[in-house]
1. Please report the antiparallel percentage of DSSP beta bridges with both residues in the chain, rounded to the nearest 5.
2. If the chain between His42 and Val99 were fully stretched, how many nm would it gain, using 0.36 nm times the residue separation less the Cα-Cα distance?
3. About its Cα centre, what dipole magnitude does the chain give when the only charges are +1 on Lys and Arg Cβ and -1 on Asp and Glu Cβ, stated in debye to the nearest 20?
4. Can you pull out the GluC sites (Glu not before Pro) in the range 127-232 whose DSSP state is coil and whose Cβ has at most 11 other Cβ atoms within 10 Å?
5. If we count other beta carbons within 10 Å of each Cβ, what is the order of Phe20, Phe162, fewest first?
6. Using the Kirkwood radius over C-alpha pairs as Rh, can you work out the diffusion coefficient of the chain via Stokes-Einstein at 20 °C, viscosity 1.002 mPa s, in µm² per second?
7. What Kirkwood hydrodynamic radius, in Å, does the range 28-94 give when the mean of 1/r is taken over all pairs of distinct Cα atoms and then inverted?
8. What list do you get for Tyr140, Tyr32 if you sort them by fewest beta carbons within 10 Å?
Amino acid sequence: MTSDERRKAAVQIKALIFDFDGLILDTETPDYQTWQSIYREHGFELPHEEWGKIVGGWGISTFDAAAHLSLLSQGQLDSVLLRDRHRSESSTLMLSQPVLPGVVDTLREAKRLGLKLAIASSSPHSWVDTHAKRLGIFDYFDKVICEDEVGIGRTKPNPDLFLMALKQLQVQKDEAIVFEDSPNGVKAARSAGIFVVAVPNPVTALLSLENANLTLTSLTDLSLHELMNKVK
């Protein structure tokens, strides 16, 4: 066994870092489906490829669905009114969404094992904290790091949120596992040097997550113990 192999064998996972939107709570499917419905109502299709670029962070696009649809309608549809309608309809759908499968069991097992837990989200605290408390999972987490803590434009796919999570949890990059659902999130975790597990939702399953270290269909696929044994 080489010295590098001995070092890796000796590494102990001490922390789990979770994305929020689309990973703990599927806010992305209602968000997407509401825009898709509004587009189709007016005879257009929401461009999935462009949408995928903005999922989970700033990404590589400034795509704005309301502005895009207004442009397609040659200004007949007001972007402000479209955005207000989308916000109202998607929020109603989101409030009916439960915590995604396997999340609570993973959190409970992590606590039993004495692991540190954090959320690292490109959304603001006003969003993440409110929903996490509503769902009864907020107190599982030792730290919640949101876009509020990093500079403008420094959310995912930039590594800042994950680097801050490591610092606040006081763990090294090879002592943590990140759970993500989007290409932007996977890229951010890899840039931070952290082992990343992709768990896509119905929207992000259509996007490329090939850069993840491991991809699961659900957090119910493997027990936390089995998952930790796969970290290399």
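1. Details: 1 of 19 bridges.
Given both bridge residues lie in the chain, the antiparallel proportion sits at roughly 5 percent.
2. Working: separation 57, 0.36 × 57 = 20.52 nm, distance 3.25 nm.
My answer for the length gained is 17.3 nm.
3. Numbers: 24 positive and 31 negative charges, 176 e Å.
Result for the chain is approximately 840 debye, rounded to the nearest 20.
4. Working: sites: Glu147, Glu149, Glu175, Glu180, Glu210, Glu226; in loops: Glu210.
Qualifying residues, ordered by number: Glu210.
5. On the way: Phe20 22, Phe162 28.
Lowest to highest Cβ neighbour count: Phe20, Phe162.
6. On the way: Rh = 18.4 Å.
In µm²/s, the coefficient is 116.
7. Values: mean 1/r = 0.0827 Å⁻¹.
About 12.1 Å for the range 28-94.
8. Details: Tyr140 17, Tyr32 23.
Ranking Tyr140, Tyr32 by Cβ neighbours within 10 Å, fewest first, gives Tyr140, Tyr32.
Read-outs: derived from the displayed coordinates by stated rules, not from any lab. Just so you know, these numbers come straight off a predicted model, no measurement behind them. Every residue, glycine as well, gets a Cβ built from its backbone with ideal geometry; the counts of neighbours run over all protein chains shown.
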